[in-house]
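Novice: Questions regarding the structure given below will be posed in turn.
The values are calculated or read from the model by the stated rules, or taken from the named source; none is laboratory data. Please read all numbers here as calculations on a predicted model, not as lab measurements. All Cβ positions, even for glycine, are placed from backbone atoms using ideal geometry, and neighbour counts span all protein chains on display.
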Amino acid sequence: MSLDGKVAFITGVARGQGRAHAVRLARDGAKVVGVDICEDIASMDYPNASEADLAETVKLVESEGGAMIGTKADVRDFAAVKTAVDQGVERYGRLDIVIANAGIVRLGDEPEDFLTVWRDIIDTNLTGVFHTVKASTQHLIDGGEGGSIVITSSSAGLKGTGTSKTGGSAYTAAKRGLVGYMQVLANELAKHMIRVNTIHPTGVATGMVMNEAMQKLFASGDPALASMQNALPIEILQPEDIANAVAWLVSDEAKFITGVALPLDAGFTIR
Ligand SMILES: NC(=O)c1ccc[n+]([C@@H]2O[C@H](COP(=O)([O-])OP(=O)(O)OC[C@H]3O[C@@H](n4cnc5c(N)ncnc54)[C@H](O)[C@@H]3O)[C@@H](O)[C@H]2O)c1
């Protein structure tokens with residue numbers, strides 16, 4: 001599954017799944033252009049990645065023999081995302097793969113300022129993906145060799161899990177919205193041999209889940225969590241499990257796969 005000569009743009013690249021994608025695609029030969037906010041968002045109940053995390057991702061990519069530009073940028077800021085992609089294309093000459101991965105959640109208590117929670121989650125998880133795609137698509141077309149866009153949704157994008165609390169509802173609404181957006185893009189970009197798919201991971205051991213706020217939620221025995229179980233007897237996936245599937249999805253081995261909402265979920269959706 002060689003990606004020699006390919007260039008990938010990845011958002012939310014400083015840790016977790018974004019980092020795993022960067023390292024895996026670099027191992028397969030791709031150069032990486034990545035952004036991460038590297039700052040906390042006040043309405044969230046767990047921390048985002050830091051600039052040190054972003055530097056660590058760059059180091060890990062380089063230790064695979066790869067090359068990466070890592071930029072601090074917020075996907076809610078279209079101009080910042082566009083500048084980062086444009087600079088990457090200027091440095092590496094082209095763009096072939098886009099992984100719109102940055103995302104946030106808030107599943108715990110209902111905060112007083114619930115309107116800000118709704119706005120921040122929709123702005124990051126839905127509008128942020130729109131910004132990422134909008135800033136990248138012309139570069140994919142200009143490359144003249146097709147391309148692959150992978151949008152990170154969630155099992156929440158396929159199945160009605162979560163709660164009526166604002167954070168869970170906004171998360172599910174955004175992640176389900178991405179499926180519709182993906183289908184439109186897949187139709188529209190097919191003539192350029194650009195493939196567009198969503199992935200739908202179940203729980204993955206990253207900063208989004210392995211944090212104090214989530215531990216508190218699990219300890220509270222919230223009934224909403226009872227529906228959150230995989231069919232396979234696997235409690236949680238690792239970021240590398242998701243990166244392995246994505247490495248295949250962006251490779252030529254999946255060259256006719258487009259418009260697909262792909263569960264990477266140990267059977268979560270069928271349970
Ligand atoms: N971890 C899970 O259980 C799980 C399950 C299904 C889907 N997902 C999705 O996977 C994706 C990756 O999350 P993860 O599990 O690696 O969690 P994570 O919190 O470790 O990683 C998310 C990254 O995105 C960055 N980020 C957040 N807001 C940003 C913004 N506005 N602009 C730029 N970067 C921003 C964070 O700093 C962090 O590095 C997310 O879209 C998430 O919704 C996660």
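Novice: Within region 70-102, how many residues turn out to be closer than 15 Å to Val129 by Cα, part of a helix (DSSP H, G or I) and aliphatic (A, V, I, L, M)?
Specialist: 5
Novice: Among the residues of region 203-224, write down those that are among the hydrophobic types (A, V, I, L, M, F, W, C) and more than 17 Å from Val105 (Cα to Cα).
Specialist: Ala219
Novice: Can I ask one more? Tell me which residues, restricted to region 179-202, are without any contact (Cβ under 8 Å) to a residue 60 or more places away in the chain and under 30 Å from Gly108 (Cα atoms).
Specialist: Gly180, Tyr181
Novice: Pick from Gly207, Gly203, Gly221: which is in contact with a strand residue (DSSP E or B) (Cβ under 9 Å, 6 or more places away or on another chain) and either at pLDDT below 95 or within 10 Å of the ligand (Cβ to nearest atom) (or both)?
Specialist: One residue alone meets the criteria, Gly203.
Novice: Could you grab me the full set of residues in region 240-256 that are in a loop (DSSP other than H, G, I, E, B) and surrounded by 14 or more Cβ atoms within 10 Å (Cβ to Cβ)?
Specialist: Within region 240-256, Val250, Ser251 qualify.
Novice: Sticking with this one: Does Ile149 fit the bill of being closer than 16 Å to Thr11 by Cα and within 12 Å of the ligand (Cβ to nearest atom)?
Specialist: no
Novice: Between Thr116, Thr172, Thr161, which is in contact (Cβ under 8 Å) with a residue 40 or more places away in the chain, in a helix (DSSP H, G or I) and within 16 Å of the ligand (Cβ to nearest atom)?
Specialist: One residue alone meets the criteria, Thr116.
Novice: Can you tell me which residues in region 11-50 are near the ligand (Cβ under 10 Å from one of its atoms), of a type in the set (Asp, Glu) and touching a residue at least 12 places away in the same chain (Cβ under 8 Å)?
Specialist: Within region 11-50, Asp36, Glu39 qualify.
Novice: Exactly one of (1) within 24 Å of Thr127 (Cα to Cα); (2) not in a loop (DSSP other than H, G, I, E, B) is unmet by Tyr46. Its number?
Specialist: Just one mismatch for Tyr46, condition (2).
Novice: Looking at (1) touching a residue at least 12 places away in the same chain (Cβ under 8 Å); (2) surrounded by fewer than 18 Cβ atoms within 10 Å (Cβ to Cβ); (3) within 19 Å of the chain's Cα centre (by Cα), which is the only condition Leu237 fails?
Specialist: Single failed check for Leu237: (2).
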